[in-house]
Amino acid sequence: KKGTEARDKKQNVLERQLAQSAEQAIGELNRLCSWGCKRNSQGNYNYWKGYKLHLDVTDVGIPVSAVVTGANVHDSQAAIPLEKMSGQRITHLYSLMDSAYDARAIHDFIIASGRIPIIDPNKRRKAQRVLSPVEKQRFKIRSTVERSNSHLKDWLIPSKIMVRGPDKVAHCLMTGVLCLAAIKILQYCILPGLQKTA
């Protein structure tokens, strides 16, 4: 109002995460059981109560970083902490993400880290970017993430996890991630070498 001081604009979650370590940013995310909602490819909404596993994998599907949060945490809120964790563990040049991660803070963080963001433009934005033909070609590799998630859901994680509490759920999910890492390392790193020597 006139004659009053303007309030400071509160930083959103992504802006706060830029100045935080990966551990601090993950510590602020909700880890408790909660309701989640996601729109599927047919435009229908799916609701579930529980948790969500956020996964960062290489272009051959080897898991690098993983975070378990409550189901109500938006995918984009785990992007910067996962990028920071992966940056400490491996050297990579590109960060491929779907349209849920199309946010200025995520773009800026990836560029400031010396990598190239290839993020599918969000169709709900007014000013829409367009991926170049080279970016579109590179973006096709992102299907590896979907295959990794599918492999986890279909073979390595039970359809219903019958334990209580975020730590027990995280233990169960991370065991599946560890098994996925072992399978992918065996598939891409060990077996090709054995076949050459045979």
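The values are calculated or read from the model by the stated rules, or taken from the named source; none is laboratory data. Quantities reported herein were computed from a predicted structural model and do not represent experimental measurements. Here Cβ is always computed from backbone atoms with ideal geometry, including for glycine, and neighbour counts include all displayed protein chains. Ligands, DNA and RNA are stripped out before the accessible areas are found, and what is left, the full protein with its side chains, is counted by its heavy atoms. Shrake-Rupley method; radii C 1.70, N 1.55, O 1.52, S 1.80 Å.
Here the label points at Leu18 and Leu131, each 7 Å from Cα along the C-beta direction, are separated by 2.5 nm in the simple model. In sequence order, the stretch 82-91 has phi-based couplings of 5, 4, 5, 5, 5, x, 7, 9, 9, 9 Hz under the Karplus curve 6.51 cos²θ - 1.76 cosθ + 1.60, θ = phi - 60°, and Gly or Pro positions carry x. Here the sum of -39500 (n - 2.57) over DSSP H runs of 4 or more residues, divided by the residues of the chain, equals -11500 deg cm²/dmol at 222 nm, to the nearest 500. Near Ser95, the amide H atoms lying under 5 Å from its own belong to Ile116, Ile118; only residues 5 or more places off or on other chains count, and H is placed 1.01 Å from N.
Of the trypsin sites (Lys or Arg not before Pro) found in the stretch 131-198, those that fall in a DSSP loop while having at most 15 other beta-carbon atoms within 10 Å are Lys160, Arg164. Measuring only protein heavy atoms, the 1.4 Å probe finds Thr4 accessible over about 90 Å².
With N as its number of residues, the chain has a Cα radius of gyration that, divided by 2.2 N^0.38 Å, comes to 1.15.
Which shape class applies to the stretch 102-198: rounded if a/c is under 1.5, otherwise prolate when a/b exceeds b/c and oblate if not, where a ≥ b ≥ c are the square roots of the Cα gyration tensor eigenvalues? Verdict is oblate for the stretch 102-198. Between amide H atoms placed 1.01 Å from N, distances below 5 Å from Val64 occur with Asp56, Val57, Thr58, all of them 5 or more places distant or on a separate chain. Couplings 3J(HN,Hα) of the stretch 26-40, computed from phi: 5, x, 7, 6, 5, 10, 7, 4, 7, 7, x, 9, 8, 8, 7 Hz, in residue order, whole Hz [Karplus 6.51 cos²θ - 1.76 cosθ + 1.60, θ = phi - 60°; x for Gly and Pro].
To put it simply, the accessible area of the chain at a 1.4 Å probe is 55 percent carbon and sulfur. Computed over protein heavy atoms with a 1.4 angstrom probe, the accessible surface ordering of Cys179, Cys172, largest first, is Cys179, Cys172.
Here, the stretch 1-59 yields an orientationally averaged convex hull projection of 8.4 nm² when only Cα atoms define the hull. Checked against a 30 Å cut-off, the cross-linked pairs Lys160/Lys184; Lys49/Lys126; Lys10/Lys168 give Cα-Cα distances beyond that limit for Lys49/Lys126; Lys10/Lys168. Whole-Hz Karplus values for the stretch 148-156 come out as 5, 4, 5, 4, 4, 5, 7, 10, 10 Hz, taken residue by residue from phi with 6.51 cos²θ - 1.76 cosθ + 1.60 and θ = phi - 60°; glycine and proline positions read x.
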